[in-house]
Amino acid sequence: SASTSKNNAALVQSYMLYDNERQILGCCDEVRPSTKTRDDDEEEDEVEMFYATNKRYFMFPTSGGDDKLLQIRQTSFGCGRLGATVWPSAIALASLLAGDKYRSSIQDKRVLELGSGCGLPTLTAKEVCGSQVLATDYWEGREGLIVGNRLVPKELFGVNLAYNVGCEPQNLDWHDELSVFSVSTNFKPDIIVGSDLVYYPDDTEPLLQTLDILLKNGGGGQSMLLILPLPPTAEREALPEFRRTLEGGVGDKDVVMDELEMIIRSASTNEEEIHNFLRIRI
């Protein structure tokens, strides 16, 4: 990450996140820096040796008035599977965390991200909000894993995630209760965040169990914030069941759901793209 100004970067596209009353909840710009970035002098690492990569840059407003430039390295599907690229829901979650409502409330708090992928929300919480962070996702170990039909990222996916967030991520399998319990008691998160987590129907029950464990065994007064994409721009087979199950609450905690809209505007064509999300808060 680095501090820079919009004068030193060419705008690629802008993102504006709204609630259902058309109040702006957060925003960021995707840019192309004209000045030197953090890794121009870095040597090629294992990820770049074995897989195609590209970098994206996101500019977030901060409470001090300066803009904060965050760099994310994307990798190929062969390495990262579904976590190889930055999905719109991750940008929506990062924008929400960096917005006025959340930024100050999670400062110095312990933020755990589930299904981090490229890690943009984790990096935003760390660099823009001043949170203590733990990025988690699931990838193969050196010995390989038997995972049935699940599309599990390769071992170097974890290396790429660590590169992006600037700290060691945790390999976390929602299907392994002991692993989840260990993470919850060791890190003790104050807030659990995640985006586009409800992908496979087989993961729905383990994800609900994971949320329950993290909320019960984390830090004091834990809360949760999830951003999940909605049709028509995204079809997630498991979402209806997940949504119905959460309507009854998680453990003894109430669940609040509402729908958000993000408008992506291209700087070159001025065309707009609209994405809708379900926000889940506990």
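For segment 182-200, give me the residue count where each residue is open to solvent by 30 Å² or more (accessible area, probe 1.4 Å), in contact (Cβ under 8 Å) with a residue 12 or more places away in the chain and among the polar types (S, T, N, Q). Full working, then the answer.
Looking only at segment 182-200, we keep the residues that are open to solvent by 30 Å² or more (accessible area, probe 1.4 Å), and these are 182, 185-186, 188, 190, 199-200.
From the residues that got through so far, the ones that are in contact (Cβ under 8 Å) with a residue 12 or more places away in the chain too are 185, 188, 190, 199-200.
Adding the requirement that they be among the polar types (S, T, N, Q) leaves 185.
The qualifying residues number 1.
Might you let me know whether segment 92-112 holds any residue that is over 23 Å from Gln222 (Cβ atoms) and either part of a helix (DSSP H, G or I) or at pLDDT 95 or above (or both)? Walk me through how you get there before you give the answer.
Kept after step one, since they are over 23 Å from Gln222 (Cβ atoms), are these residues of segment 92-112: none.
Among the residues of segment 92-112, not one is over 23 Å from Gln222 (Cβ atoms) and either part of a helix (DSSP H, G or I) or at pLDDT 95 or above (or both), which makes the answer no.
Considering only residues that are open to solvent by less than 10 Å² (accessible area, probe 1.4 Å) and either at pLDDT below 95 or closer than 15 Å to Gly130 by Cβ (or both), which ones fall in segment 57-74?
Answer for segment 57-74, where residues must be open to solvent by less than 10 Å² (accessible area, probe 1.4 Å) and either at pLDDT below 95 or closer than 15 Å to Gly130 by Cβ (or both): Phe60, Leu70.
Residues of segment 269-282 being β-branched (Val, Ile, Thr) and open to solvent by 60 Å² or more (accessible area, probe 1.4 Å), which ones?
Keep residues of segment 269-282 that are β-branched (Val, Ile, Thr), which gives 269, 274, 280, 282.
Passing the criteria: Thr269, Ile274.
I'm checking my understanding of the structure. Among residues of segment 227-268 that are in contact (Cβ under 8 Å) with a residue 60 or more places away in the chain and closer than 24 Å to Ile191 by Cα, which one is surrounded by the most Cβ atoms within 10 Å (Cβ to Cβ)?
Filtering segment 227-268 for residues that are in contact (Cβ under 8 Å) with a residue 60 or more places away in the chain and closer than 24 Å to Ile191 by Cα, the one surrounded by the most Cβ atoms within 10 Å (Cβ to Cβ) comes out as Ile227.
State all residues of segment 53-84 that are free of Cβ contacts under 8 Å to residues at least 40 places away in the same chain and outside any loop (DSSP other than H, G, I, E, B); if no residue qualifies, say none.
Selection gives Asn54, Lys55, Arg56, Pro61, Phe77.
Asp203 - would you say it is at pLDDT 95 or above, open to solvent by 10 Å² or more (accessible area, probe 1.4 Å) and under 20 Å from Leu82 (Cβ atoms)? Working first, answer last.
Values: at pLDDT 95 or above: no; open to solvent by 10 Å² or more (accessible area, probe 1.4 Å): yes; under 20 Å from Leu82 (Cβ atoms): yes.
Judged against the criteria, Asp203 is not a match.
The values are calculated or read from the model by the stated rules, or taken from the named source; none is laboratory data. The structure presented is a predicted model; accordingly, all values stated were derived computationally and were not measured. Reconstructed Cβ throughout: ideal geometry from the backbone, glycine too, with neighbour counts over all protein chains shown. Please note that ligands, DNA and RNA were not included when accessible areas were found on the heavy atoms of the full protein model with its side chains. Shrake-Rupley method; radii C 1.70, N 1.55, O 1.52, S 1.80 Å.
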